[in-house]
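Have a look at the structure below before the remarks.
Only the coordinates and a few stated rules stand behind these numbers; no lab work does. Computed from a prediction, not measured in an experiment: that's the story for all the values here. Counting neighbours? That spans all protein chains shown, and the Cβs are built from the backbone with ideal geometry, glycine included.
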Amino acid sequence: MKEQELESAFMEIFHQYNDAIFRFCLVKVTNPQLAEDMTQEVFMRYWQYLRNGKEITNPRPFLYTIANNLAKDWYKKKKSIPLEEDGAHDAALLARDASPEVVAAYKEVLAMITDMDEPDREVLHLRHVEGFEPREIADMLGETANVISVRLNRAMGRLKQRMHI
Amino acid sequence: MNEDTLTKEYKEKWEQVTLSDSSRQKMADNLRAYTSLHQVIEAPQPSPFFSYFKFAYTSAAALALIVLIGAASWRSENGDSLYALKMNIERLLGIEPYDSTYLAMETNVGQEQQESTLAPSEETDAPRPDNTLAMEAPPVASDSSLPDTTLEADSSARIAMTKESADVAEDDIVSTMMLTEGAMDIDLYRDDVAHRIKEYQTLLEEHDGELEAEVTAELTAKLDEASALYKEAEDKDEDAARLLLDTAMNRIGEVESSLSLLGEVTVEEGIIIDINLIGTSD
């Protein structure tokens, strides 16, 4: 593939998946600003893969896998970051040019996910928001499909409890 | 609320969470810049500037060669300025100073210049002022790498510029050789080659052990080659001998260049007579 064609295909993938990857990064780090940066980094790494001549037949799970790995790196570094610098709940950062309704939705969702453990919100998001099958989630997260299914059931139970259902 | 309703609500809420338009645009711009930069770094292509530079360089070299040929062909009609230009172009292009064509040309030019620049007058036989041609020549005298004597182009002055008479700066070894050998009588040329070979062989012997064995061997080989060429030239006619001696002098010139790089050299009458090697206290 020629350089221009490659870049064109890459930008098409970006426009198709940027929101989904951003949401997933937000699930992982709960910091909108950080999630934006992470989203950009995901696509940069994806571009590097393409540039190295590696063929990626299904970019969607591949992008989530990159995001998951970046989040793991972030968690390792996070241990040394003081909590006050985390800024995890600042929805206003995300919604600078959003309508009041969207800002309200942000806050509600952020409150919901930050109340859950990261493994729970991760599988819930991938299964019920992004629509991945347990087997696909397992590939992305490096787990077995059975582990993911069990984790999904438990996460759904905890979500019901939180929502008093 | 059953599970389906819950997940549907959860999904609907989440799908409202998107990048802001400005953030998405900024990210797209960043990624486009990144991919462009990446392409430049990973797969460099000849830029228009490079192509232009290459074209300009090639054109300049071609033009220089045309002027050089023109200067060589028409120097007799056009006098000293073209000749001086030719010399400078040759120096710029790194043409070997001991090319036999060059030597023959230089000798002839000296004679032509004597004929063409000395105006017929009652003072024709009188000694010429040293600066006659210097005043007529283009401003090549400002080139500090050329000794002032370069422009003393009359043949008597040139022939007189043997290694015994050339009074030049110590770091102008090559230029000195250009001048001295250019108009040198073939017998003097033979003597000079023999003298240089002997001097440098002696110099290498004196510094044997101080120089790296590999360097000594390389320089000795060059001198041996020059010596063989010198011997081969002994029973040849002048033209053939000059060609062989030119090649021998090229080898000697390589030795001189190498010695100059090895340390601080002492030059006397255009020949390196001693060397203070880098890193030694002598």
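With the cut-off at 12 Å, report for the range A:4-58 the share of all Cα pairs above it, as a whole percent. Working shown, then result.
On the way: 974 of 1485 pairs.
The calculated P(r) of the range A:4-58 puts 66 percent of pairs beyond 12 Å.
Counting partner chain Cβ atoms within 10 Å of every residue's Cβ in A:24-30, what's the average? Working shown, then result.
Values: counts 1, 0, 3, 2, 0, 0, 0.
Going residue by residue through A:24-30 and averaging, the value is 1.
Once you average over the residues of B:23-36, how many Cβ atoms of partner chains fall within 10 Å of each Cβ? It would help to have the intermediate numbers written out before the result.
Numbers: counts 10, 7, 0, 2, 8, 6, 0, 3, 10, 4, 0, 6, 13, 2.
Partner-chain Cβ atoms within 10 Å, mean over residues of B:23-36: 5.
Mind ordering B:237-243, A:13-19, A:25-31 by average Cβ neighbours within 10 Å, highest first?
Details: B:237-243: 14.7, A:13-19: 17.7, A:25-31: 24.1.
By packing density, highest mean first, the sequence is A:25-31, A:13-19, B:237-243.
Residues with beta-carbon under 11 Å from that of A:Gln40, excluding A:Gln40: net charge, scoring Lys, Arg +1 and Asp, Glu -1?
Net of charged neighbours comes to -1.
Sort B:204-211, B:224-231 by packing, meaning the average of other beta carbons within 10 Å per residue, with the highest value first.
Values: B:204-211: 14.2, B:224-231: 18.1.
Listed from highest to lowest mean packing, they are B:224-231, B:204-211.
Amide H neighbours of B:Asp274 under 5 Å, at least 5 residues apart or on other chains, H built in the peptide plane: list them.
Close amide H contacts, sequence-distant or interchain: B:Thr266.
Residues of A:49-57, mean number of Cβ from any other protein chain within 10 Å of their own Cβ, rounded to a whole number? Before the final figure, lay out each step's value.
Details: counts 0, 2, 6, 1, 0, 0, 0, 0, 0.
Mean partner-chain Cβ count within 10 Å for A:49-57: 1.
Over 16 Å, how big is the tail of the calculated P(r) for the range B:208-282, in percent of all Cα pairs? If you can, show how the numbers build up before the last one.
Details: 1559 of 2775 pairs.
Across the range B:208-282, Cα pairs with separations above 16 Å total 56 percent.
Longer than 24 Å from Cα to Cα, which of B:Lys198/B:Lys231; A:Lys107/B:Lys8; A:Lys54/A:Lys78; A:Lys28/A:Lys107 are they? Say none if no pair is.
Numbers: B:Lys198/B:Lys231 13 Å; A:Lys107/B:Lys8 18 Å; A:Lys54/A:Lys78 31 Å; A:Lys28/A:Lys107 16 Å.
Pairs exceeding 24 Å: A:Lys54/A:Lys78.
Whose amide H sits under 5 Å from the amide H of B:Gly263, counting only residues 5 or more places off or on another chain, with H placed in the peptide plane?
The list, which skips near neighbours in sequence, is B:Ile278.
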